[in-house]
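Structure, as structure tokens:
The values are calculated or read from the model by the stated rules, or taken from the named source; none is laboratory data. Keep in mind the model is a prediction, meaning the values are calculated, not measured. No Cβ is skipped: glycine too gets one built from the backbone with ideal geometry, and neighbour counts run over all protein chains shown. Just so you know, the surface numbers come from the protein's heavy atoms only, side chains and all, with ligands and any DNA or RNA stripped out. Shrake-Rupley method; radii C 1.70, N 1.55, O 1.52, S 1.80 Å.
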Amino acid sequence: MSDGLEHDEELELTSPLVPLFVITNGRALPPDHEYEHTTLVTAAPTAAENGQAAARTLSPEAAQVMDLVANGFLSVAEVAGHTHLPLGIVRILLAQLEEDGLILTRTPIPRAERVDRELVSAVLEGLKNRFGA
């Protein structure tokens, strides 16, 4: 009977038995923080200065995210993969960290639009006729 009590005391807050809404403190993703899979995340320069004070107030999951992005850029998908948390939960944690000024995000570069091949051919032909190549 005492084995069960000892086992319960060893459970951490980050165990699989903890509901995911506990990790995010019941927060939902704010509409102005839509992170794509390829959005790059890094620690803000001020986060290093305030690191000790922030580390005391961060959840274990948020502290793990801060450790991951402290030395460079990682995509949102990479952060989710390293933390073994669902992508939605990572997005909520990132939104909270960004609101606190602890991380910086860089949106992905948009894909280039497809160019009309006929237009490019016409421009090329015009340049050849004009400059004789």
Among the residues of segment 40-63, is any modelled with pLDDT of 70 or more, among the polar types (S, T, N, Q) and crowded, with 18+ Cβ neighbours inside 10 Å? no
Scanning segment 82-133 residue by residue, the ones that are in contact with a helix residue (DSSP H, G or I) (Cβ under 9 Å, 6 or more places away or on another chain) and open to solvent by less than 80 Å² (accessible area, probe 1.4 Å) total 17
What are the pairs with Cβ atoms under 9 angstrom where one residue, in segment 83-109, is touching a residue at least 60 places away in the same chain (Cβ under 8 Å) and farther than 14 Å from Ala63 by Cα and the other, located anywhere, is open to solvent by 50 Å² or more (accessible area, probe 1.4 Å) and β-branched (Val, Ile, Thr)? Sequence gap at least six, or different chains. Thr107/Thr38; Pro108/Thr38
Ala77, sole failed condition from (1) over 21 Å from Arg27 (Cβ atoms); (2) modelled with pLDDT of 90 or more; (3) within 11 Å of the chain's Cα centre (by Cα): (1)
Flag if Arg130 is part of a helix (DSSP H, G or I), of a type in the set (D, E, K, R) and within 17 Å of His37 (Cα to Cα): no
Within segment 67-81, restricting attention to residues that are part of a helix (DSSP H, G or I) and open to solvent by less than 60 Å² (accessible area, probe 1.4 Å), which residue is farthest from Ala43 (Cα to Cα)? Gly81
